[in-house]
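Below is one structure; the comments refer to it alone.
Please treat every number below as a calculation from the coordinates, not as lab data. These figures come from a predicted structure and were not determined experimentally.
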Amino acid sequence: MKLIVQAILLIEKNQKLALNLCKLNFLKGFYFILLCFISFAGFTQELPPVVNYSPNEYAGGNQNWMIAQGENDNFYFANSAGLLKYDGERFQLY
């Protein structure tokens, strides 16, 4: 009888150890995946450079109605003051 009780206690102890080991492995995996997501998030969230120009800088009105890009890579803006052309360096009002 004493041997059976010892066997049962040993089985229960082994089950608890196995359960703790499973929990530990799960937490290790969870933290590894979390670390991967956090580290990759910094690389995937790059934003393009944006430059804001005030109406004083391009000498036009304060409202643009339409934007188009020409074959020569210039940008054209239908502005409330007229047609603006941007060649990458400066604006020209027509």
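Multiplying the residue separation of LEU27 and PHE75 by 0.36 nm and subtracting their alpha-carbon distance yields 11.9 nm. Shown in residue order for the range 58-64 are the 3J(HN,Hα) couplings computed by the Karplus curve 6.51 cos²θ - 1.76 cosθ + 1.60 at θ = phi - 60°: 10, 6, x, x, 9, 9, 9 Hz (x for Gly and Pro). Listed by chain and number, the aspartates and glutamates whose alpha-carbon sits under 18 Å from that of LYS23, ignoring those within fewer than 8 places in the same chain, are GLU12. Given their separation in residues at 0.36 nm each and the Cα-Cα distance between them, ASN62 and PHE37 gain 4.8 nm when the chain is fully extended. Annotation: amide H-H contacts under 5 Å for ASN74 (H modelled 1.01 Å from N, sequence separation of 5 or more, or interchain): none. The range 27-82 has equivalent-ellipsoid semi-axes of 46, 13, 9 Å, by the square roots of 5 times the alpha carbon gyration tensor eigenvalues, sorted largest first.
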